[in-house]
Structure formats: structure tokens, C-alpha cells
Amino acid sequence: MNCWKTVNFHKKYGFERLFFMSSLTMIICFLFLYVPTTSYFAHNKLSDDYFILLIIGFISIYPLHKLLHLLPIIHLKDKIRKTWKLPFRFLPVISIQVKEPIGKGHFLLTIMTPFILISGILLGCCFLYTHYVHYFLILFAYHVGICVPDFIRMKNIWKSPRTCFVEENENGFEILINNMQ
């Protein structure tokens, strides 16, 4: 296999830039969704009960997001490197890395799974629990902010050849093509 493209994620984007882009995306997402959604549900009075559940949602979305990344590749078992750290004593930092190259479609599915599932659930809850639509929009915007690095990875992989493979490393990933075709 030959390397078609190498993306050094940390060097190209860096923590500060990713944090800024995620925060900005989070704010813009909330602002653009709050006004139309609250006007759509204008007949309902918003409630601020259960604020503790909003805090629990904030704390649990990140680990849930990371675990959902694991869902499409769980069958690879030994080919996955999983690390758990507790630097903040209560919020786990989870790192998932596939040791061997996987297909482009499989990698894209792995990246998109948390966004599709969590966003679908949160937006569905907006319609089920209309008195708490602002809570769900806050959590949705927070999750979209968490998904920004995934969106950047998708953008880098999207235009690659259909039959390519993606191999992750410590700094980013490499897009590999099979030269024996």
C-alpha cells in the first residue's frame, strides 16, 4: 500500500485552534437554533426544573460520544487501542485508536455514528419534552461542538479514493491506497 495523504491533525490544527473552532461552532449552532425553535414552540412555557439533569447531560455526553465511536468497530477487538484517563477525577478522557488500516466507509461510519445517534435523540427530545427544549438545544449545540474534530476528519477523508484505507497514528491519520489493483 502507498500513502495517498498524511494528515498530522495535531500539527495542522492544534488544541487551541480546535477548541476555538468547537466553541464558535457551539455558540453559532445554539444561536441559530434557539430563536426558530422557541418560536415554533411558543405556545409552551419553558421550564427550568431539573437543572441537575442538564449538568448530568453535560458530563455524560463526552464519554457517551467516545463510546459510540467504538460501536461500529467493536468487532475488531484486539486491533483497537483504548485508553482511559481520569485527569479531572470525575470526567474520563477516552482515547480510541485502530492499530491497523480500515476501509474508508467503515472509518466514516465510525466518525459519524455519535453525531447521528446523539443528535437524533436530542432533537427528538425537543419535540417530546417541549417545556425543556432549551435544555436539549444547549446539549445539542454542545455535542455539535464536540463533533467539530470529527467533521474535520470527515472533510479530509471525503475526497479520497473510494477503495482507500485509513490508518490512525499518534499525530493524525494516513490515507492509504492499494497499488496492486
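Readers should treat all values here as calculations from the given coordinates under stated rules, not as data from a laboratory. Predicted, not measured: the structure shown is a model, and the values here were computed from it. For neighbour counting, all protein chains shown are included, and Cβ atoms are generated from backbone atoms with ideal geometry for every residue, glycine included.
Structure notes:
- Residue with peak Gaussian network fluctuation, the chain [Cα springs, cutoff 10 Å], from PHE151, PHE32, PHE58: PHE32
- Contour excess over end-to-end distance, with Cα ends at TYR129 and LEU31 and 0.36 nm allotted per residue: 33.3 nm
- Gain on full extension, evaluated as 0.36 nm per residue between TRP84 and TYR40 minus their Cα-Cα distance, stands at 11.7 nm.
- Rg over Rh for region 1-156 works out to 1.01, both radii taken from alpha-carbon positions and Rh defined as the Kirkwood radius.
- Förster-model FRET efficiency, 25 Å R0, ILE116 and VAL93, C-beta, rounded to 0.05: 0.60
- The mean sequence distance of close C-alpha pairs (under 8 Å, at least 6 residues apart), as a share of the length of the chain, puts its relative contact order at 40 percent.
- Note on LYS85: lysines with a C-alpha under 21 Å away, same-chain residues under 8 apart excluded, are LYS66, LYS77, LYS99.
- Each part reduced to its alpha carbon centroid, region 79-121 and region 8-33 end up 18 Å apart.
- Aspartates and glutamates with Cα under 13 Å of LYS5, excluding same-chain neighbours fewer than 8 positions away: GLU167, GLU168, GLU174
- Restricting region 1-91 to trypsin sites (Lys or Arg not before Pro) in coil, as DSSP defines it, with at most 11 other Cβ within 10 Å: LYS45, ARG89
- Taking PRO101, PRO87, PRO149 as the candidate residues, the one with maximal mean-square fluctuation in a Gaussian network model of the chain, Cα springs under 10 Å, is PRO87.
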